[in-house]
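Novice: Below is one structure. I have some questions about it.
The values are calculated or read from the model by the stated rules, or taken from the named source; none is laboratory data. None of these values were measured; they are calculated from a predicted model. Note: ideal-geometry Cβ built from the backbone for every residue, glycine included; neighbour counts use all protein chains shown. Side chains included, ligands, DNA and RNA excluded: accessible areas come from the protein's heavy atoms. Shrake-Rupley method; radii C 1.70, N 1.55, O 1.52, S 1.80 Å.
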Amino acid sequence: MTFASLGLFEPLLKTLTSLNYQTPTPLQLQSIPAILGNQDLIATAQTGTGKTAGFALPILQRLTLAGAPVSANSVRALILVPTRELAEQVHRSIQTYGQNLPLRSLAVYGGVSINPQMMGLRKGVDVLVATPGRLLDLHRQNAVRFRQLDILVLDEADRMLDLGFSSELNELIAVLPKQRQTLLFSATFSQRLERLAVQVSRAPQRIAVSTRNAAASTIAQWLVPVDRKRKTELFLHLLKDRQWGQVLAFVNTRKGAEQLVQAVQAIGISVETIHGDKRQPTRLRALERFKAGEIQVLIATSVAARGLDIEDLPLVVNIDLPLTAADYVHRIGRTGRAGAAGEAVSLVSADEVSQLAAIESLLGEVLTRHEEPHFIAEHRLPVTTADGLIRKKPKKPKKPKIPRQEAQPSPSAPEATSAARSRIHLGDWFTDAPGTEPKPAAPPSKAAKPAPARRPPRS
Ligand code: AMP
């Protein structure tokens with residue numbers, strides 16, 4: 001099944017090709033035709049299922065092909081999200097997917113000045129991504145009108161309820177046009193959420209997909225935070241210290257591949273490289289030698305390695321993280337095949353944190369971090385979450401000046417949960433549902449032992 005066969009039009013197909021999205025995810029297979037067909041939708045789907053593209057692509061197409069141009073202070077599609085990080089993330093996706101379309105988009109959320117957001121709304125926006133509290137504020141100040149609203153999306157609806165946004169949601173829904181398309185996405189469905197779903201939608205199509213965790217569960221994945229300039233040194237150290245056997249190592253550039261080859265050769269380990277500058281017969285010969293166990297390290301770029309048939313490889317190392325999350329899954333898919341145990345190690349520098357977040361979001365899990373003594377990074381790798389979020393170092397919460405009792409949430413907010421209460425205390429930093437913290441780093445196995453038949457001579 002292709003994106004074209006789902007009914008997406010040319011400008012979007014062009015964008016998807018440039019993003020290297022080759023096939024729709026199971027969620028997208030169902031959501032895209034339904035949304036293009038003006039169906040309401042209730043979807044059980046977590047982050048990592050491709051849900052953002054699953055709703056954003058058909059919405060952008062519908063807004064481009066039908067409806068009047070947006071009027072001042074109006075909105076045509078509204079995406080409600082629980083946190084400002086998610087608002088930013090969804091807005092970035094809208095901008096990416098809509099890059100070839102004549103549509104305006106904006107993200108509004110609390111914790112920052114409202115004035116620029118009011119200015120941004122003046123000309124009207126086709127797609128508005130918003131957290132409920134700030135949107136209500138803007139509506140109360142007449143900065144936003146909903147007469148032109150055609151599409152409402154509730155993203156991560158369960159987290160919105162968990163964070164205590166129930167009354168804001170009800171207030172907002174009451175002022176939206178009844179005639180609209182409604183799409184609700186949630187990882188979990190409680191009775192309370194089911195009531196909300198029934199209240200907001202009309203004859204919805206229901207879809208449920210599990211997390212798109214394409215990585216084989218037999219692959220042990222971990223990463224080592226390291227400064228970019230010390231990656232080669234760390235790789236050579238790990239090769240020796242952990243007595244790695246055959247390794248398929250990925251870098252992002254041809255130049256990087258050539259430099260690494262020289263460094264590996266310099267410590268007396270047999271190595272070959274395959275990248276775009278090498279002719280196909282040369283690449284194939286390198287691969288054959290690697291498969292025959294004649295060389296220990298094969299260094300490759302993603303493009304050169306696509307379609308390589310290497311089975312039972314115990315270890316893949318990402319010296320550079322790939323530019324797309326899908327490429328990560330392709331790369332590490334070369335190990336742990338057919339149920340065999342495999343290991344995938346990534347050397348990650350602070351400037352790669354966005355790529356890391358996208359990968360973890362696609363996998364639906366945070367990769368275990370292992371700090372290597374003597375290689376502790378000066379540029380710290382920011383903390384990431386399984387939702388694909390990047391945490392800036394939190395400011396120490398100020399001690400409240402008011403007496404403790406008064407700092408409790410008001411009794412007029414009966415929906416506020418413990419998560420919502422934490423949010424009140426810590427201000428805008430605490431925006432995530434509990435349970436998304438990365439697991440503490442468990443030390444990985446000391447050595448990924450090579451298959452005996454493959455062990456190459458160290459020449
Ligand atoms: P989401 O579930 O929306 O958070 O998406 C998770 C990740 O999957 C994001 O990094 C997307 O860029 C990526 N993604 C979404 N759809 C596809 C697709 N069809 N092919 C490859 N990557 C995708």
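Novice: Does the stretch 219-391 come out rounded, prolate or oblate, given a ≥ b ≥ c as the square roots of the eigenvalues of its C-alpha gyration tensor, rounded meaning a/c under 1.5 and, failing that, prolate meaning a/b above b/c? It would help to have the intermediate numbers written out before the result.
Specialist: Details: a/c = 1.65, a/b = 1.37, b/c = 1.21.
In terms of gyration-tensor shape, prolate.
Novice: For a quick protection proxy, order the peptides 10-19, 151-160 by their average other-Cβ count within 10 Å, most packed first. Could the numbers behind the result be given before it?
Specialist: On the way: 10-19: 15.3, 151-160: 23.7.
Averaged packing, sorted descending, gives the order 151-160, 10-19.
Novice: On to the next question. In what sequence, highest mean first, do 190-199, 107-116, 129-138 appear when ranked by Cβ atoms within 10 angstrom?
Specialist: Values: 190-199: 13.8, 107-116: 15.7, 129-138: 22.1.
Ranked from most to least packed, the peptides come out as 129-138, 107-116, 190-199.
Novice: Sticking with this structure for a sec: How much accessible surface area, in Å² rounded to 10, belongs to the heavy atoms of residue 391 with a 1.4 Å probe?
Specialist: 30 Å²
Novice: Now a separate question. Scaled to the compact-protein estimate 2.2 N^0.38 Å, what is the alpha-carbon radius of gyration of the stretch 89-242, rounded to two decimal places?
Specialist: On the way: Rg = 21.4 Å, N = 154, 2.2 N^0.38 = 14.9 Å.
Rg over 2.2 N^0.38 Å, computed on Cα atoms: 1.43.
Novice: Can I ask one more? So for the stretch 4-208, averaging the separation of alpha carbon pairs under 8 Å that are six or more residues apart and normalising by length, what relative contact order in percent results?
Specialist: Over the stretch 4-208, the number comes to 28 percent.
Novice: Rounded to a whole number, what % of the accessible area of the stretch 38-116 do carbon and sulfur atoms account for, probe 1.4 Å? Mind dumping the intermediate values first?
Specialist: Details: 1290 of 2740 Å².
Here it works out to 47 percent.
Novice: So, one more: Among the listed pairs 240/291; 123/178; 278/392; 51/278, which are separated by more than 31 Å between their Cα atoms? Walk me through the intermediate numbers first.
Specialist: Values: 240/291 21 Å; 123/178 24 Å; 278/392 41 Å; 51/278 38 Å.
Exceeds cut-off: 278/392; 51/278.
Novice: Could you compute how fast the stretch 4-208 diffuses translationally, taking Rh as the Kirkwood radius over C-alpha pairs and applying Stokes-Einstein at 37 °C with viscosity 0.692 mPa s? Give it in µm² per second.
Specialist: Roughly 194 µm²/s, to the nearest whole number.
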